[in-house]
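The values are calculated or read from the model by the stated rules, or taken from the named source; none is laboratory data. Keep in mind that this is a model prediction, so the values were computed, not measured. Positions of Cβ are backbone-derived with ideal geometry, glycine not excepted, and every protein chain shown enters the neighbour counts.
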Amino acid sequence: MKKLYPALVAVIVTTFTTIPPANAGALFINNVGSITDSSVLGAINTAISDVTSLYNTGSGAGNVTLNVDFTYSSAAAGNLASSSQYFYGYSYNAYTRALKTDSKNNSGNTNLATAVSHLAYGNKGNMAITYGQAFLLGQYGLGNPVFAGNDAINLSSSVTNWNFTGTATSSQYDAIGALEHELDELLGIGGGGSVLGDCAIDSFFCTYSLGATDLYRYSAAGTPSTSTTSPTYLSINGGNTSIVDFNTTSPGDYGDFAPACGPTSNNSGNNQYIQNAFNCMGMDETYSTSSPEYIATTAIGWDPAVSTSVKKHSTSILGASTSAGIQGTSTAVPEPSTYILFATGLIAINELRRRRKV
């Protein structure tokens, strides 16, 4: 089934521009939803600005523009935010060839260079990647994906303790952090970077069985793993360095991170990573070049837009411990199931919805 949205009363288009290095294309994320609440729009604008300030498409590449249907509507009890996106299936060889071309053209992306040089030590298989990442790597030889429809992000209006300004207390959920989490998934990390376990809910993911960060999933140095029950971690150097543990607890997304709430590497307060599978109220980490999310995103082909850490706003978001967590679940959306063949590799399109829950 497809996700349904209210009829559009007014269309609000917001474009955020970063100034990329010479000859580098920019990442644009446009809000094409119908939200009129100024507080919600402010959170969306901040989240978009935070993400687009960190990434561009690299040297010689054109701009990537993602039109996202943002909505603020009621959701089932426990749902905080959800994203709905299309995944595209490619052969492993076509996908990794494009990654290598991206790396060759962008020597300043050291995370990508490290990841590419260690591909031989990681998982291998047909790839299911998000439209945003397919659009990016299409400029490095993968072949432009066929547009199947806008990605979508919903923030639940049923949640009564949102904070929309990045100053969440220990009794509030931070909307900016939730939105950044979902935007990351559109770019291809977090739940958008792994399709492990999704074969059981849609046969598309039996053929295209690995996501972008599944190539960098290890249980030990030199030991790649696709386990969703045993401890695994993100590593871009063949498993020698553990960056962050992946979640292995259902119903959390297996591409999201595992650590519980607590101090992060770039924020010493009672915080958590943006891409955690189980989240809590309070403040989240500062999204910067020190974040594990940044390492993961640049390692799948997005190139650095800045050379120093970028603090996202006056304070950081989401954090303090509570027994209620935000869990990411996934349900298949079987339409469309059209299969398309490109000369650059076999590609198929499928849509998948992922949710974060309290």
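Okay, here's what the table says:
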{"item": "Count of residues meeting criterion [in a helix (DSSP H, G or I) and under 11 Å from Gly301 (Cβ atoms)] in the range 122-141", "result": "9"}
{"item": "Filter result for Val116 (at pLDDT 95 or above, assigned to a strand (DSSP E or B) and either surrounded by fewer than 24 Cβ atoms within 10 Å (Cβ to Cβ) or out of contact with any Cys (no Cβ under 6 Å at 6 or more places or on another chain) (or both))", "result": "no"}
{"item": "Options Ala24, Ala75: the member that is modelled with pLDDT under 95, surrounded by 16 or more Cβ atoms within 10 Å (Cβ to Cβ) and closer than 30 Å to Cys206 by Cα", "result": "Ala75"}
{"item": "Complete set of residues in the range 54-68 that are surrounded by 20 or more Cβ atoms within 10 Å (Cβ to Cβ) and not aliphatic (A, V, I, L, M)", "result": "Tyr55, Asn56, Thr57, Gly58"}
{"item": "Count of residues meeting criterion [in a loop (DSSP other than H, G, I, E, B), modelled with pLDDT under 85 and over 19 Å from Asp198 (Cβ atoms)] in the range 230-271", "result": "11"}
{"item": "Qualifying residue in the range 158-169 (condition: over 23 Å from Gly25 (Cβ atoms) and assigned to a helix (DSSP H, G or I))", "result": "no"}
{"item": "Restricting the range 59-92 to residues that are in contact with a Gly (Cβ under 7 Å, 6 or more places away or on another chain) and in a strand (DSSP E or B), the residue that is farthest from Gly301 (Cα to Cα)", "result": "Thr71"}
{"item": "Unmet requirement for Ser219, which otherwise passes all of (1) in contact (Cβ under 8 Å) with a residue 24 or more places away in the chain; (2) out of contact with any Asp or Glu (no Cβ under 9 Å at 6 or more places or on another chain)", "result": "(1)"}
{"item": "Test: residue in the range 33-40 that is more than 28 Å from Asp214 (Cβ to Cβ), of a type outside the set (A, V, I, L, M, F, W, C), surrounded by 19 or more Cβ atoms within 10 Å (Cβ to Cβ) and at pLDDT 95 or above", "result": "yes"}
{"item": "Within the range 273-288, tally of residues that are in contact with a strand residue (DSSP E or B) (Cβ under 7 Å, 6 or more places away or on another chain), at pLDDT 85 or above and not acidic (Asp, Glu)", "result": "7"}
{"item": "Enumeration of residues in the range 104-113 that are in contact (Cβ under 8 Å) with a residue 40 or more places away in the chain and in a helix (DSSP H, G or I)", "result": "Asn105, Asn111, Leu112"}
{"item": "Conditions (1) farther than 22 Å from Glu293 by Cα; (2) out of contact with any Phe, Trp or Tyr (no Cβ under 9 Å at 6 or more places or on another chain): number failed by Phe204", "result": "(2)"}
{"item": "Total residues in the range 28-59, condition under 22 Å from Tyr294 (Cβ atoms), touching a helix residue (DSSP H, G or I) at 6+ places or on another chain (Cβ under 9 Å) and without any contact (Cβ under 8 Å) to a residue 60 or more places away in the chain", "result": "1"}
{"item": "All positions within the range 179-204 that are over 21 Å from Leu234 (Cα atoms) and not β-branched (Val, Ile, Thr)", "result": "Leu179, Cys199, Ala200, Asp202, Ser203, Phe204"}
